[in-house]
Every structure is written in C-alpha cells, then in structure tokens.
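Reviewing the structure listed below.
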Amino acid sequence: MSRSLYSEEVISSSFQGICDVVLSMKRAIPVIHSPSGCSNYAVSEFVIAEKQGCHIFTSSLLATDVAHGGLDRLRRAVKEAVKNYNPELLVVTTTNVTELLISEDILQCEVEGLRCDVEVPVVPIYANTLRDTFYDGIDKALYVLTREFCDQKASGGGDGKQPSVNIIGPTKGIFNWRADLLETLRLLKGVDLRINAIVPANAGIEDFRNLPHADLTILMYPYDFGESAARFLEKEFGIAYYTEVPFGIEGTMEFLEGLKEYFPSISKRVEEFLAREMRVWGASVIDDMDISGFTIADSPVAVFGSNTLAYGLSRVLSDDLWMSLAVIGIKNGMHEALVGFFRERELGGTKVLVMPGKEQIVDSLKSASPFMVFGGFTEYLASQEAGIGSFIPASEPARYFSSRYLDAPFRGIRGVSYLLHRVWEETVKFVYAYKRSHPREDIRSEEGLMYEEEALERLNGVLARVPHFIRSRVRFAIERILRERVRGRKVTVKDVEEAVLEAMRVGMK
C-alpha cells in the first residue's frame, strides 16, 4: 500500500478533543469559530452525533471575514444555535485558522458580550491547535467546565453516610470509552462505593456542579487527560484523586486494594469481591491459558495508543498472556509517571516510540515484524503496508471500525478474558490462512543451499517443534544465516545447529 493512500494524522487536533467533550454531554452544543471546512474534522462522528440528538455549529468564515476576525458570523452562529435547539450549554472553540486572526483575550471579550444576548451559558475554550493535541483539548475542556460550573460554596467531601466518588474521563472519541466506564462502574459498585458524578459522558451542568460533593475523584485516563480538573478539585475542595487503572489481573487487584487506603470501611467488601472475581473470571483465564498459552506465549506484538492504554494493554499482554512486547507506540508525549515503566520495557528489548509519525510506524513494524498489532486506524493501514495480517482495534482514531470492536471490555479481569479470546481468534485465523496458502510445508533445499541428508532431517526436526504460525519466519531466519556462511559445499548438521543457535540469539535481542 502506498503511503499516499492514507493521510490521517496519528492523533487529531485539540479542538476535536474539546468538541468531543461537549458532544458527550446532554443538551450541549459546540460552536466552532472557523471556516465551514474546518468543522468537518470527523464527518462520521458528526453524523453519529446528529443521530443521537446532538448538533454542531460553525461560524462559516469566508475569505472576506479575515480582516475583521469574523466575530459577526460567530454571533449569528451562537444565536442560531440557541434559537433552533434551546441548549443547556454552548461552548465556543477555535481552530488553527481563527487562531491566526484572534487571540484568547479577544475571544473571551466577545463571548462576554454574547452572554448578554442569549439566555444560556456560553463558555469560550481557546484550542491552541498549533500546540496542543487531541488529549490536551479534552483535558482543557474538562478543566474549564469544572472551574466554571462546580459549586464554589461547597465545603468538599461526601455526606458521610456512604463513601462516594467522582468519575472523570469517559468521552466520545476515546476508543472503548463505554466499555471502560461500565467496567469501572461495576468494580466500584461491587465494593459498595456510591457514584456522585460522572463527567463528561451524558453529563449536564448539574453534574459538574455536584463534583465537590464527593470523597474521591477517579480518573479513568489519568496519564492522558482529566488531571487538571482533578487538581483543581483537590486544591479548592480538598478532594484527592486516584490514578490507578484496572488493567490485568494484578492491576485490578492494585486498583481495588488501593481504594482501601481512602475508605477503610470497604476493606472486607474488597476482599470478598476480589475472591469472587478470581473464582469467576480468573479461573476462566487460567483454564483458557492452559489450552492456548503454549501457542501465544512469547509471540511478538506491537501496541499503539495513548499513555493509559499503552501502559495498561502492555501489562495485560506481557504479564497475563505471556506475550512479548516488540513495539510500544505512545501517541501523546510520555507521561512522567510512566517513564520508569517504559524505560524498563526498553531495557528488556522493546522498541518504545513517542508520538511516532506514519513513516516511523511503518518502519518499526517492518523491522520488528510483530505477529500482531494493537492500535487505531492509522496503525491498521501501517500494518497492512508492513505485511502484518493480524490486527486488533484498540485505539483512536476508531471511527472507521465496526461497532463490534468499540464496546469490548479491556479493563478488569473480565478484560483479560476478552483479550485472550481475541488474540486466540486472530491466531486461529492466521494459522488457517497460512495453511490454505501453504498446503504442503515440505522443507527442501532452497536455491543456493544443498543439504546433507542428516542436516535436512535435523532442520526438519527443529522446525517441527516451532508453532505453525511462526514456522516460516524461523525457517527464513535460519536459512538466511546458512546462505551467508555456507558456500560451495553442502550444509552439514553442525552448520544447522550453529545457525539455529545464532537465530535464537538474534531473536532474543
């Protein structure tokens, strides 16, 4: 596949993140101050949003508006949105075009004037698209909305009757956000914690107003966004925030055990819940690994995603499924809290990429040759170009994937079970496709190589112990070494044994 056939960025711009936060809320409309073309950043997302009763407006700037900043058009767009749909909230944001025309202060002053003309709250969020990423946009929107609408008169903390928590993070545009939220809710309710507010998914102004009335804030994507809002709540109301994420068996245990430090009263409930989880889901994983573990163990994989996803998925694949991490791609800048984790993986032989470009993704996949790739649509196209057939959707941008992949659990012990079955499904598909394309795998002399009879038997014996789905790759590695070393004579048993040892040393590096 030619690289010119796909042009989508690895991650989107900050104004898309701001719009996704607003689209996640109830009766909230984003107004994009931009030419109409800029608002088409994700046509399919717009269509889905419209079907769900959401709406998006743009000021539709023209070339003739450049000299004056197009503020008259912005006023018309805001008034039209209020007149036609009577929203609870309007959020005005910018794109790279309008940021060349107006500053953040000018936008703030203009919105102050608009507030006198309409009866609904209008909140300006300057996107800084030339500097900030998609995840930065989500973080900024959550912070601004929390600061704007939280109950400033609240003393902070719950009602004292039952421990309560906020959940900050579930947002449209984030891969698997519904499944992430449902599993987080199941874990928290399973240990008798009350949910005070969830933002921004299906939230209204009242939900942001209630944020100070909780005992703890849970960040669903702590290494990507939401931390600014959580720090604001901690500074203003003394509400601590929690950054553990329940990925994998050990990660889920750490997530629930850590909650006991904030709520000692739930200690017994946590132990009971974990025991039940291990009986149901943990036992299922153990049984399934007895069957499939020997096949997928040490298989090289590549993982691409945001900090939280790359961290969590890497733990599941390496610790629970015994797979080998060949490449980890972090789509936003590496979070300082995860530097040690990713550096440790690098020392173990994993190639860690930070905000990789498209060419770098393709090149890394070609050099590492992972058996399977986890990522978004950009990584899917890159994997096809690199000749890697096994791909599992796991990251944004996800708008082109079937909905069957967008609500599957990755988190909790249930997530381990799901991922094991998905990996096994891809493995079976690969083996079946390989056998169809290679109906007879009778190893004979390659061009330029002549074997002694015993040497050929020795090579066949080595390859017979290798799983089908990597046998051709191991064979290629061994015979490449033999072609470099053996010239003008037949390959001996000793040559085969030395080539096998050399191929093993190269594969372990």
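The values are calculated or read from the model by the stated rules, or taken from the named source; none is laboratory data. No experiment lies behind these values; they were computed from the predicted model shown. Every residue, glycine as well, gets a Cβ built from its backbone with ideal geometry; the counts of neighbours run over all protein chains shown.
Do we have Asp105 as modelled with pLDDT of 90 or more, surrounded by fewer than 18 Cβ atoms within 10 Å (Cβ to Cβ) and more than 18 Å from Ser14 (Cα to Cα) here? Spell out how you get there, then give the answer.
Numbers: modelled with pLDDT of 90 or more: yes; surrounded by fewer than 18 Cβ atoms within 10 Å (Cβ to Cβ): yes; more than 18 Å from Ser14 (Cα to Cα): yes.
Yes: the conditions hold for Asp105.
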Restricting the search to the range 86-102, which residues are under 29 Å from the mean Cα position of the chain (by Cα) and of a type in the set (S, T, N, Q)?
Thr93, Thr94, Thr95, Asn96
Residue count for the range 300-352, restricted to those that are charged (D, E, K, R) and in contact (Cβ under 8 Å) with a residue 12 or more places away in the chain
6
Pairs returned, first residue in the range 155-182 that is over 29 Å from Pro393 (Cα atoms), second residue that is of a type in the set (Lys, Arg) and surrounded by fewer than 21 Cβ atoms within 10 Å (Cβ to Cβ), beta-carbon separation under 6 angstrom, 6 or more apart or interchain, are Gln162/Arg194; Ser164/Arg194
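Does Leu233 qualify as being touching a Ser or Thr at 6+ places or on another chain (Cβ under 9 Å), of a type outside the set (Phe, Trp, Tyr) and in the same structural domain as Asn176 (by TED's automatic domain parsing)?
So Leu233 fits the description; yes.
Being assigned to a helix (DSSP H, G or I) and surrounded by fewer than 17 Cβ atoms within 10 Å (Cβ to Cβ) narrows it down to one of Lys140, Lys79, so name that one. Outline the logic, then answer.
On the way: Lys140 fails: surrounded by fewer than 17 Cβ atoms within 10 Å (Cβ to Cβ).
Only one candidate passes the filter, namely Lys79.
A quick yes/no check of all residues on (1) hydrophobic (A, V, I, L, M, F, W, C); (2) touching a His at 6+ places or on another chain (Cβ under 7 Å); (3) surrounded by fewer than 18 Cβ atoms within 10 Å (Cβ to Cβ); (4) modelled with pLDDT of 80 or more:
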| position | (1), (2), (3), (4) |
| --- | --- |
| Ser445 | no, no, yes, no |
| Tyr451 | no, no, no, yes |
| Ala455 | yes, no, no, yes |
| Arg458 | no, no, no, yes |
| Glu479 | no, no, no, yes |
| Glu484 | no, no, yes, yes |
| Glu498 | no, no, yes, yes |
| Ala503 | yes, no, no, yes |
| Lys509 | no, no, yes, no |
Please find, among Gly389, Gly357, the residue that is surrounded by fewer than 18 Cβ atoms within 10 Å (Cβ to Cβ), in contact with a helix residue (DSSP H, G or I) (Cβ under 7 Å, 6 or more places away or on another chain) and touching a residue at least 40 places away in the same chain (Cβ under 8 Å).
Gly389
Only one of (1) within 27 Å of Arg131 (Cα to Cα); (2) at pLDDT 90 or above; (3) surrounded by 15 or more Cβ atoms within 10 Å (Cβ to Cβ); (4) more than 33 Å from the chain's Cα centre (by Cα) fails for Glu110. Which number is that?
(2)
In the range 460-477, residue nearest to Glu502 (Cα to Cα) [restricted to those that are modelled with pLDDT of 80 or more and either β-branched (Val, Ile, Thr) or assigned by TED's automatic domain parsing to the domain that holds Glu426 (or both)]
Val474
Can you work out which of the residues in the range 271-289 that are within 13 Å of Ser417 (Cα to Cα) and among the acidic types (Asp, Glu) is surrounded by the most Cβ atoms within 10 Å (Cβ to Cβ)?
Glu277
Quick test for you: out of Ala67, Ala77, pick the one residue that is at pLDDT 80 or above and out of contact with any Lys or Arg (no Cβ under 6 Å at 6 or more places or on another chain).
Ala77
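Residues are listed down the side, and each one gets a yes or a no for (1) hydrophobic (A, V, I, L, M, F, W, C); (2) without any contact (Cβ under 8 Å) to a residue 40 or more places away in the chain; (3) not assigned by TED's automatic domain parsing to the domain that holds Ile470:
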position: Ile195; (1), (2), (3): yes, yes, yes
position: Val199; (1), (2), (3): yes, no, yes
position: Glu206; (1), (2), (3): no, yes, yes
position: Ala214; (1), (2), (3): yes, no, yes
position: Phe237; (1), (2), (3): yes, no, yes
position: Leu256; (1), (2), (3): yes, no, yes
position: Ala283; (1), (2), (3): yes, yes, yes
position: Asp298; (1), (2), (3): no, yes, yes
Restricted to the range 258-270 and to residues being farther than 19 Å from Asn166 by Cβ and in contact (Cβ under 8 Å) with a residue 60 or more places away in the chain, the residue surrounded by the fewest Cβ atoms within 10 Å (Cβ to Cβ) is Arg269
